[in-house]
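Comments concern the structure below.
The values are calculated or read from the model by the stated rules, or taken from the named source; none is laboratory data. Owing to the predicted nature of the structure, the values given are computational and were not obtained by experimental measurement. Every residue, glycine as well, gets a Cβ built from its backbone with ideal geometry; the counts of neighbours run over all protein chains shown. SASA here: full protein model, heavy atoms, side chains in, ligands and nucleic acids out. Shrake-Rupley method; radii C 1.70, N 1.55, O 1.52, S 1.80 Å.
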Amino acid sequence: MIDYAAIRLNMVDSQIRTNKVTNAEIIAAFESVPREAFVPERLAASAYVDEDVALGNGRYLMEPMILARLLQEARPGPADVALDVGCGTGYATAILAKLAATVVALESDPELAAAATKVLADLGIDNAVVVEGPLPDGWPAQAPYGVILLNGAVSEVPEAIRGQLAEGGRLATVLRPDSGPGQGILMRRSGGTVAAGRAFFDAATPVLTGFARVAGFVF
């Protein structure tokens, strides 16, 4: 019988606390959310490895340390409405739900959206809702958002999503404009303008569906 609670605490101690994550609320959220519930049953034993976990159809559960560092920079708080773009099976949504007032979880894959809806309900998480739609469009119906998480790497952040940030809002993602390693970045809206701050770590996070760079013509 696998003791997932012990493995989860070990993940927090060995992968998250040791990688510059010091926010107590974020650490507590990772300690309380059962990551094994968000992967196919056959992968449950691998849920806590320090790498991205493949969910199928080119989608991944983001590496725990990467997700924790992005959230620490984004600083979701109890007054924030958060948008999780590319929620997959809902793991980051569940973490965000522990930190923010409300979470809108956007997913383009109907099977993943259904899985996320079920597991969030099974865990009694009632301040998050899963919606279906194209990921690069965001979800303007509930905008503006205090926090936006792009749940994977992107070649660039679409203007449609930038425009859904509230004044003072924060957007966190891994920016990966070419085939090389990506970098964790934070964007903020201030004075009506969305600007990117410094990159704060390197990450080989897989590119999120719909956010790959489109090859141009060469003459």
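Listed by first and then second residue, the pairs with beta-carbon distance under 9 Å, at least 6 apart or on different chains, first residue in the stretch 183-197 and over 17 Å from residue 71 (Cα atoms) and β-branched (Val, Ile, Thr), second open to solvent by 30 Å² or more (accessible area, probe 1.4 Å) and assigned to a strand (DSSP E or B), are 194/188. Among the residues of the stretch 91-135, those that are open to solvent by 10 Å² or more (accessible area, probe 1.4 Å) and either among the aromatic types (Phe, Trp, Tyr) or touching a Phe, Trp or Tyr at 6+ places or on another chain (Cβ under 7 Å) (or both) comprise 119, 131, 133.
When the stretch 40-86 is filtered for residues that are part of a strand (DSSP E or B), in contact (Cβ under 8 Å) with a residue 60 or more places away in the chain and open to solvent by less than 20 Å² (accessible area, probe 1.4 Å), the ones remaining, listed by number, are 59, 82, 83, 84, 85.
If you go through the stretch 155-177 and pick out every residue that is touching a Lys or Arg at 6+ places or on another chain (Cβ under 7 Å) and part of a loop (DSSP other than H, G, I, E, B), you end up with 2.
Restricting attention to the stretch 113-147, the residues that are closer than 18 Å to residue 33 by Cα and assigned to a helix (DSSP H, G or I) add up to 8.
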